[in-house]
Amino acid sequence: MRTKLWMVAAAMVMLAAGRSFAKTALDLSEPKAAAKTFINAVADGDIETAKAAAIANEKQQAWIESLSAVMVSYQKLDTAMATKFGKATDADAEHDMFSGMRKENILKELEAMRVEIKDDTARFLPPKQEGQSDEDVDQNLVLKKVDGQWKVDVSSMNDGDMENMDQSKKFATMLDKLTADIESGKLKTRQEVMAAMMGGAMGEDHEGMDPTDTTMPAPDAMPEPAPEATPDKK
C-alpha cells in the first residue's frame, strides 16, 4: 500500500508556492475519512488542508509540499494527454508507469483496505490474504488520534522518500515541460511523450530523440564507473 500510495514521493517534486487550488473538505472524524482527506488535499494541491490532516515535523511538512506538487504536475500531464490523445488504456505505456499516481486509483486502493484500531492508533492493512499474518505487513499507513481528531502520521511513511526532495524538483519541472509541449503540439503522440519522459529521466533533452523508442538503455550502454584509486606502493 505505502509503496503505491507514496511512490510518487520517492521521485519527483517542486514546491507548490504561488499556485491556487480548490479547498478540500476537512474530515478527521474517523481514520478512513481522515486518510481520504489527506490524499485528496495532496493530490489537489491544497497544502493547508493536507498539513492539517497530518502529524508532521518541519521536514515532513516540506515533504508533503513536495508530494503534492508532483501529484499536481502529474495530474496536469495526465489531463493533457487525455485531452490530446484520448483516455489511457491498459496497453498504453504510461498506464503501467503511472497508474499508482492517479488519485482515483489511490482512493480505490484505500477503500479496499482494512483498518485496525488500537487505542488512539489506526493502522491500514491490505485485504486479508490466506496464509498471511498482519505481522508480515511491513508497509502500512498509520493514523493517530490527537485531541479527538484522526491524522496521518507522516513518520510512518518511507523516510528514504524524504531524502530525495532535491532531485524531485527536476522531475516535476520535466513533467510540467512535457505538459506544455503536449498542449503546444510539439509532442504529437503518446510514444513521443514516453520517449521524452525517458530522456528527461536520463538527464537528456527530448529534441531529436526517436519518438518510437521508449526503452531504457541496455546495461552495456550505461557508462562504466571510474576505477577505484589504489594507494601508491613504496
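Using R₀ = 30 Å, calculate the FRET efficiency as 1/(1 + (r/R₀)^6) where r is the Cβ-Cβ separation of Asn140 and Glu48; round to 0.05. Walk me through the numbers before you get to the answer.
On the way: r = 26 Å, r/R0 = 0.87.
The computed FRET efficiency comes out at 0.70.
Sort Met157, Met174 so that the residue with the fewest other Cβ atoms within 10 Å of its own Cβ comes first and the one with the most comes last. Walk me through the numbers before you get to the answer.
Values: Met157 24, Met174 20.
Least crowded to most crowded, the residues run Met174, Met157.
Starting with the fewest neighbours, write out Leu141, Leu107 ranked by other beta-carbon atoms found within 10 Å of each beta-carbon.
Numbers: Leu141 23, Leu107 15.
In order of increasing Cβ crowding within 10 Å: Leu107, Leu141.
Can you compute the modelled spin-label distance between Lys103 and Lys23, with each label point 7 Å from Cα toward Cβ, in nm?
About 1.6 nm, to one decimal.
For Thr179, Thr89, Thr79, what's the fewest-to-most ordering of other Cβ within 10 Å of each Cβ? Mind dumping the intermediate values first?
On the way: Thr179 21, Thr89 8, Thr79 13.
Final ranking by Cβ density, sparse to dense: Thr89, Thr79, Thr179.
Note the full-extension length gain between Ala180 and Thr79 as 0.36 nm times their separation in residues minus their Cα-Cα distance, in nm to one decimal. Let's see the in-between values first.
Working: separation 101, 0.36 × 101 = 36.36 nm, distance 1.17 nm.
Contour length minus the Cα-Cα distance gives 35.2 nm.
Quick note: the coordinates plus some simple rules give every number you see, no bench work behind them. Here the structure is a predicted model, which is why all the values come from computation and not from measurement. Cβ atoms come from the backbone with ideal geometry, glycine included; neighbour counts cover every protein chain shown.
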